[in-house]
1. Hey, does the range 15-36 have a residue that's hydroxyl-bearing (Ser, Thr, Tyr), assigned to a loop (DSSP other than H, G, I, E, B) and either surrounded by 10 or more Cβ atoms within 10 Å (Cβ to Cβ) or out of contact with any helix residue (DSSP H, G or I) (no Cβ under 6 Å at 6 or more places or on another chain) (or both)?
2. With the requirement that a residue be of a type in the set (Val, Ile, Thr) and modelled with pLDDT of 90 or more, what does the range 35-74 give you?
3. Out of LEU77, LEU3, I need the residue that is surrounded by 15 or more Cβ atoms within 10 Å (Cβ to Cβ), modelled with pLDDT under 90 and either closer than 26 Å to SER90 by Cβ or in contact with a Cys (Cβ under 7 Å, 6 or more places away or on another chain) (or both). Which one?
4. Quick one: what pairs do we get from the range 31-52, first residue at negative phi, second loosely packed, with under 13 Cβ neighbours inside 10 Å and not in a helix (DSSP H, G or I), C-beta under 7 Å, 6+ apart or different chains?
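The values are calculated or read from the model by the stated rules, or taken from the named source; none is laboratory data. Keep in mind the model is a prediction, meaning the values are calculated, not measured. Neighbour counts are summed over all protein chains in view; Cβ atoms, including those assigned to glycine, are modelled from backbone coordinates with ideal geometry.
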Amino acid sequence: MSLSHERAIDLSRRILDGLRKAPGVELAAEAEYVTKGISSALQGWEKENEALAAEARKRVLARGRRVAEGSREFDQLFSEELRRLWDERSTRGE
């Protein structure tokens with residue numbers, strides 16, 4: 001499921017509203033600048049997540065034992081691989 005530009009803007013505005021309501025938080029920049037930064041970060045995360053999901057899917061399908069895509073077992077293996085890939089990425093500091 002891809003994150004559309006409109007959805008990223010909507011989420012960034014909601015996050016900005018939440019930050020404004022949080023005690024002790026002051027924004028040092030214009031609201032539009034902060035919204036664009038949050039939106040950009042969300043879209044970057046989405047691209048990264050899609051790339052890691054493709055790699056996780058490839059790893060699950062490459063296993064010696066074939067698992068039907070969409071099955072409960074496939075979903076569990078996919079989830080484990082995706083978590084493993086995110087963990088590897090975070091330990092490398094990326």
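1. Within the range 15-36, the first condition is being hydroxyl-bearing (Ser, Thr, Tyr), and the residues that meet it are 33, 35.
Cutting the leftovers down to assigned to a loop (DSSP other than H, G, I, E, B) gives us none.
Checked the range 15-36: no residue is hydroxyl-bearing (Ser, Thr, Tyr), assigned to a loop (DSSP other than H, G, I, E, B) and either surrounded by 10 or more Cβ atoms within 10 Å (Cβ to Cβ) or out of contact with any helix residue (DSSP H, G or I) (no Cβ under 6 Å at 6 or more places or on another chain) (or both).
2. Initially, the range 35-74 is screened for residues of a type in the set (Val, Ile, Thr), giving 35, 38, 60, 67.
Scanning the range 35-74 gives THR35, ILE38, VAL60.
3. Details: LEU77 fails: modelled with pLDDT under 90.
Criteria check complete, one pass: LEU3.
4. VAL34/LEU27; GLU46/SER2
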